Amino acid sequence: MRPILIAGNWKMHKTQAEARQFLREFAPALQASSVGATPQRQIILCVPFTDLAVVVEETRGSGIAVGAQNLHWEDQGAFTGEISGPMLTELGVRYVIVGHSERRQYFGETDETVNWRLAAAQRHKLTPILCVGESLQQREQGLTESWIVGQLDRALPGIDLQNLVIAYEPIWAIGTGKTCAAAEANRVIGLIRQHLGADHLPILYGGSVKASNIDELMAQPQIDGVLVGGASLDPQEFARIVNFQTLTPAAAAP
Ligand code: 13P
């Protein structure tokens, strides 16, 4: 049985004081039934580098795992502004997002450097969360499937599928309020799984996930969890996402 992963990506939000305040409100809002659910619901908070130490400290013993939002492929060196795998593991970080579309779009990251970053994460026993997804233009041109397969094929040479999470994040659904229809997200994630031939691999959906659509998304058989941006900044809303309700197949039908 694949685990369920509910990951928040705070992006460039929250000072340490704001992170502490979030945790004070978030922890009590988690329902015991969702924390102890089967399959296990793993909560992951992917926070800015400056918040990592505080969030690791404050969540110790809670079952909440902490993730970074990027890492460099070298362990050390003259790479001003970058952070390496050993720097993250020393803090108690367990996950790291790699290849988010904002890194690709605004910071020039390529499939080649994404591959190097994935390898570095695994070398240091971090679990990378690899993001893939198509633009609106690619979707409209019917290129969704070929683009995603290409991204995977370029990012994954030499990468161990046993210690990997994939997030399907259609770019047009990120921060726009336009969620991909649950059935369509399920279809694309099914294609990714089939392409990789890895039944055990957790694959998440990301893009305008909210308290109002989480139940329907999580009712899809291929969707193993979510990567949540904006809605993970609010402790009550993110707790509701973690506490998603399991819908019966009939209730989940559109
Ligand atoms: P939003 O949930 O704000 O659309 O962001 C999704 C995302 O990019 C998560 O990595």
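The values are calculated or read from the model by the stated rules, or taken from the named source; none is laboratory data. Keep in mind it's a predicted model, so treat the numbers as computed, not measured. Ideal geometry is used to build each Cβ from the backbone, glycine not excepted, and the neighbour counts take in all protein chains shown.
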Within region 211-228, does at least one residue satisfy the condition of being buried (at least 21 other Cβ atoms within 10 Å of the Cβ), under 19 Å from Leu23 (Cα atoms), touching a residue at least 24 places away in the same chain (Cβ under 8 Å) and within 11 Å of the ligand (Cβ to nearest atom)? yes
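Look at Met87 and say whether it is closer than 26 Å to Ser208 by Cβ and at pLDDT 95 or above. Please lay out each step first, then the result.
Values: closer than 26 Å to Ser208 by Cβ: no; at pLDDT 95 or above: yes.
No.
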So, Lys125, is that one in contact (Cβ under 8 Å) with a residue 24 or more places away in the chain, more than 15 Å from the chain's Cα centre (by Cα) and under 21 Å from Ile43 (Cβ atoms) or not? yes
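Would you check which residues across region 194-218 are over 16 Å from the mean Cα position of the chain (by Cα) and at negative phi and list them?
Correct list: Gln194, His195, Leu196, Ala198, Asp199, His200, Ala211, Ser212, Asn213, Asp215, Glu216.
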Is it true that Gly206 is under 28 Å from Gln122 (Cβ atoms) and within 15 Å of the ligand (Cβ to nearest atom)? yes
